[in-house]
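The values are calculated or read from the model by the stated rules, or taken from the named source; none is laboratory data. Worth saying up front: this structure is predicted, and the values here are computed from it rather than measured. A quick note on method: Cβ atoms are made from the backbone with ideal geometry, for glycine too, and the neighbour counts reach across all protein chains shown.
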Amino acid sequence: MIVTTKELFEIAYGKFAIGAYNINNLEQCMGLFQGCLDSQAPFIIQISKGARSYTHKAMLEYLIRASEEVFPEAIFAVHLDHGDEETCYDCIESGFYSSVMIDASHEDFDNNIAATHRVVEAAHAKGISVEAELGQLGGVEEHVSVDEADAKLTDPAQAKEFIERSGCDCLACAIGTSHGAFKFSGTQGLHFDVLEEIQRQVPGFPLVMHGSSSVPQEEVARINAAGGELAGAKGVDAEQFKRASELGVTKINIDTDGRLVWTRVHREFFKEQPEQFDLRKPGTIFMGEYAKFIAAKNEYLGSAGTLSMVRETLAK
Ligand code: G3H
Ligand code: 13P
Ligand code: ZN
């Protein structure tokens, strides 16, 4: 069942975080639904601009519609990840998305507010909610690349004004994470002091943590042992999700970890069986491994085991 992102946030705020997982293809879609049902968790499917153009934007939409039939118990929202204005309007028009993210965080404060406000007006007219970003994460996104030196933590003093003037429904905050597999070069970590102050400024307002992959070291070691070159890859300690959710982080974005599962499965499969060329064999292994990965992640997020409570609350 597709629900609104807002409904999920109202249920989860302060108690647990909803996993927001990116998908690009059938195998990720199957593994994601299976893993969320195995762990009895609601979830958010994220589609990036790059994912929409990987094949055709309609492909992922119909894949998700089909998944709804194949997994009728699933409760989830569909979200545009890191949209520019044009992509946001396209998704709003489509009537399929529960929420969109306008990422104008590379603009200055006033222009970020102005772009977010335009998207909010269009989205709210159709009952769709809007995520905006204040501050800048490091790392690489599809349309923006941010050097670590240019990454800026969210200024808590600006959060309230930004939310009031833009009208956004949730806020992605930069609190020390970055996108991709190389998050922390030294001893850096999450800035809970910044997060605490943001929550103090905007109590009850749902916050979003991007760049939250854990980059499991065992996964990295297996990839490297099978021919990969990911030395030094490092991520966020998933044990910290609970504290973040108590401080208002209601949506936690995870993409890179899923790519690592895919890479490990395929590298190991073809290394061990170089005579193979049937794509369904590693594809089947990947779907099972991805489902296991998702179920484990939902335990850390606290969303595992909440599905029947979420269903009952939505029915009231
Ligand atoms: O934050 C970016 C997400 O990991 C999506 O990546 O734009 O390459 O699909 P992508
Ligand atoms: P990761 O690169 O840590 O998986 O972050 C994903 C993300 O923030 C998607 O918006
Ligand atoms: Zn992101």
Please find, among Glu218, Glu196, the residue that is more than 16 Å from ligand 3 (Cβ to nearest atom), within 12 Å of Val249 (Cβ to Cβ) and acidic (Asp, Glu). Glu196
Here's a check for you: in segment 1-38, which residue that is within 17 Å of Gly50 (Cα to Cα) and of a type in the set (A, V, I, L, M, F, W, C) is surrounded by the most Cβ atoms within 10 Å (Cβ to Cβ)? Ala20
Residue check, Arg259 part of a helix (DSSP H, G or I), within 30 Å of Met209 (Cα to Cα), within 16 Å of ligand 1 (Cβ to nearest atom) and modelled with pLDDT of 95 or more: yes
For segment 273-290, pairs from a residue that is surrounded by fewer than 16 Cβ atoms within 10 Å (Cβ to Cβ) to a residue that is at pLDDT below 95, with Cβ under 7 Å and 6 or more apart or across chains, are none
Listing of helices (runs of 4 or more DSSP H) fully contained in segment 1-68 that carry 1 or more residues being closer than 21 Å to Ile102 by Cβ: 5-12, 49-54
Please work out which residue is surrounded by the fewest Cβ atoms within 10 Å (Cβ to Cβ), limiting yourself to segment 156-186 and to residues that are of a type in the set (Ser, Thr, Tyr) and away from ligand 3 (no atom under 16 Å from the Cβ). Ser185
Of Tyr54, Tyr97, the only residue that is within 16 Å of ligand 1 (Cβ to nearest atom), farther than 30 Å from Ala159 by Cβ and of a type in the set (Phe, Trp, Tyr) is Tyr54
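Matching residues to (1) under 24 Å from Ala304 (Cβ atoms); (2) without any contact (Cβ under 8 Å) to a residue 40 or more places away in the chain:
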site: Phe192; (1), (2): yes, no
site: Glu196; (1), (2): no, no
site: Met209; (1), (2): yes, no
site: Gln217; (1), (2): yes, yes
site: Ala225; (1), (2): no, yes
site: Leu230; (1), (2): no, no
site: Ala238; (1), (2): yes, no
Looking at Val261 and the list (1) over 21 Å from Ile45 (Cα atoms); (2) hydrophobic (A, V, I, L, M, F, W, C); (3) within 12 Å of ligand 2 (Cβ to nearest atom), which single condition is not satisfied? (1)
Could you identify the single residue in Lys242, Lys251 that is out of contact with any helix residue (DSSP H, G or I) (no Cβ under 7 Å at 6 or more places or on another chain), assigned to a helix (DSSP H, G or I) and touching a residue at least 60 places away in the same chain (Cβ under 8 Å)? Lys242
